[in-house]
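The values are calculated or read from the model by the stated rules, or taken from the named source; none is laboratory data. In this text, all values refer to a predicted model and were calculated from it rather than measured experimentally. Here the Cβ is made from the backbone with ideal geometry for all residues, glycine too, and neighbour counts use every protein chain on show. Remember, those area values only see protein heavy atoms, side chains included, never the ligands or the DNA or RNA. Shrake-Rupley method; radii C 1.70, N 1.55, O 1.52, S 1.80 Å.
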Amino acid sequence: HQALLFISSLDFFDDGRAALCTAHGDVWVVRFSKPPRQEAIWQRFATGLYQPLGIQVVDGQIVVLGRDQLTRLHDENGDGEADYYESFNNDLEVFGQDHAFAMRLERDPDGNFYFLKSGAAPHGSALYRLSPDGAILERYATGFRHPFGMGVSPTGEVTVADNEGNWVPSSKIDLVKPGGYYGFVSGADDPSADLPAERPLCYLPKAADNASGGQVWVTRDQWGDDHRGRMLHFSWGRGTMHAVLEQQVGA
């Protein structure tokens, strides 16, 4: 197809196929042949989406987060290409602002979706939660500058990694509380600016991470006792992976 593969997110089907989206608006499904050949077979499943930066496979169907909405893709005739692009939720307001992206897409154990939105009001600088049926979109936390890192633990803990700049002295990882405010003031009319800012889980010095990515949790035993159940953090800027050794204090 000679399509640009600026891959922005990926997830997996139960049968091992991968679903991934690209910043230019495509969704691809990749299946892998069995050994000894072990080839990757690519098929473009959908196209024309608006800067998709998040994807999830839910009950065998692909849900994509674009700058304008969440779209659920249906292959109604089974030919490996989406025939119907369902507007799963379109409550976001889009003004064409710089850096006003909708980013990441994660789910908690109850099936709720989470994603980040940068930019100014009314929907910018915030983390959003969407009900499993796509009907109810709510602002979960505010005060994020330009976050492209997020994770949801197996127990439902939500983390966000923000990047340094205005109001954010260094890249950081936040363990998010519902309704929490995390320090970034998006504009003069930002009502969150009068709230006390929550302290981050940790700040990240530039030498370790100058542009933060997402978080995942170790759920298997291959990493040993020291890392079982713990968080791993990924750096876009350094291309590294970090073990986050969280300590419970004052509990």
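Data table
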read-out: Residue count for region 185-205, restricted to those that are part of a loop (DSSP other than H, G, I, E, B) and modelled with pLDDT of 90 or more; value: 6
read-out: Verdict on residue 75 being of a type in the set (D, E, K, R), free of Cβ contacts under 8 Å to residues at least 60 places away in the same chain and surrounded by 20 or more Cβ atoms within 10 Å (Cβ to Cβ); value: no
read-out: Unique match (being over 23 Å from residue 130 (Cα atoms) and either β-branched (Val, Ile, Thr) or open to solvent by less than 20 Å² (accessible area, probe 1.4 Å) (or both)) among 18, 3, 40, 100; value: 18
read-out: Residues satisfying the stated conditions in region 214-238, i.e. over 22 Å from residue 107 (Cβ atoms), among the polar types (S, T, N, Q) and in a loop (DSSP other than H, G, I, E, B); value: 222
read-out: Search result, residues across region 54-72 that are in contact with a Leu (Cβ under 9 Å, 6 or more places away or on another chain) and without any contact (Cβ under 8 Å) to a residue 60 or more places away in the chain; value: 55, 56, 61, 62, 63, 64, 65, 66, 67, 68, 69, 71
read-out: Verdict on residue 41 being β-branched (Val, Ile, Thr) and more than 26 Å from residue 67 (Cβ to Cβ); value: yes
read-out: Within region 136-170, considering residues that are of a type in the set (Ser, Thr, Tyr) and part of a loop (DSSP other than H, G, I, E, B), the one surrounded by the fewest Cβ atoms within 10 Å (Cβ to Cβ); value: 155
